[in-house]
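S.K.: Input: one structure, supplied below.
The values are calculated or read from the model by the stated rules, or taken from the named source; none is laboratory data. Since the model is a prediction, treat every value here as computed from it, not as a measurement. Here the Cβ positions follow ideal geometry from the backbone for every residue, glycine too, while neighbour counts run over all protein chains shown. When the accessible area is computed, the model is the full protein with side chains, heavy atoms only, and any ligands, DNA or RNA have been set aside. Shrake-Rupley method; radii C 1.70, N 1.55, O 1.52, S 1.80 Å.
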Amino acid sequence: MEQIYTDTAKVLKAISDPKRLKIVDMLSCGELCACKILEAFHITQPTLSHDMRVLIEAGAVIDRRDGKNIYYSLNADRLSAFHETLEHIFEEKADCICHRKE
């Protein structure tokens with residue numbers, strides 16, 4: 001369970017930045033070229049690259065190259081698991097950590 005907490009915290013940390021959260025929201029409509037994402041912000045390309053790297057390392061986003069362009073999309077499997085984990089954490093359950101005796 002500790003690994004689940006660690007993995008979930010990585011995603012939460014990545015999307016806790018308002019700009020990165022907006023990027024995730026933009027990607028919820030489908031794959032986007034980095035150039036389209038960049039147009040939505042007043043930032044430099046290296047800044048966008050850093051933000052995208054954070055999202056990729058957290059597992060929230062995947063990337064693919066097509067020639068000179070990089071395209072980003074949500075990692076649907078990882079985000080589905082993230083969503084399920086949050087639901088599990090936020091609900092009362094028989095095996096809840098609060099019921100454990102140390």
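S.K.: Quick test of your reading of the structure: Asp77 fulfils all but one of (1) open to solvent by 50 Å² or more (accessible area, probe 1.4 Å); (2) assigned to a strand (DSSP E or B). Name the failing condition by number.
M.R.: So the condition that Asp77 fails would be (2).
S.K.: Of the residues Ile23, Ile43, only one is assigned to a loop (DSSP other than H, G, I, E, B), of a type in the set (Val, Ile, Thr), open to solvent by less than 80 Å² (accessible area, probe 1.4 Å) and touching a helix residue (DSSP H, G or I) at 6+ places or on another chain (Cβ under 9 Å); which?
M.R.: On the way: Ile23 fails: assigned to a loop (DSSP other than H, G, I, E, B).
The unique qualifying residue is Ile43.
S.K.: Which one is nearest to Ile97 (Cα to Cα), of the residues in region 27-40 that are assigned to a helix (DSSP H, G or I) and open to solvent by less than 50 Å² (accessible area, probe 1.4 Å)?
M.R.: Going through region 27-40, the residues assigned to a helix (DSSP H, G or I) turn out to be 27, 34-39.
Add one more test, that the residue is open to solvent by less than 50 Å² (accessible area, probe 1.4 Å), and what stays is 27, 34, 37-38.
Details: Leu27: 34, Ala34: 41, Ile37: 40, Leu38: 42 Å.
The extreme case among them is Leu27.
S.K.: In region 36-72, what count of residues is obtained for those that are touching a strand residue (DSSP E or B) at 6+ places or on another chain (Cβ under 8 Å) and either under 16 Å from Asp17 (Cβ atoms) or modelled with pLDDT under 95 (or both)?
M.R.: 7
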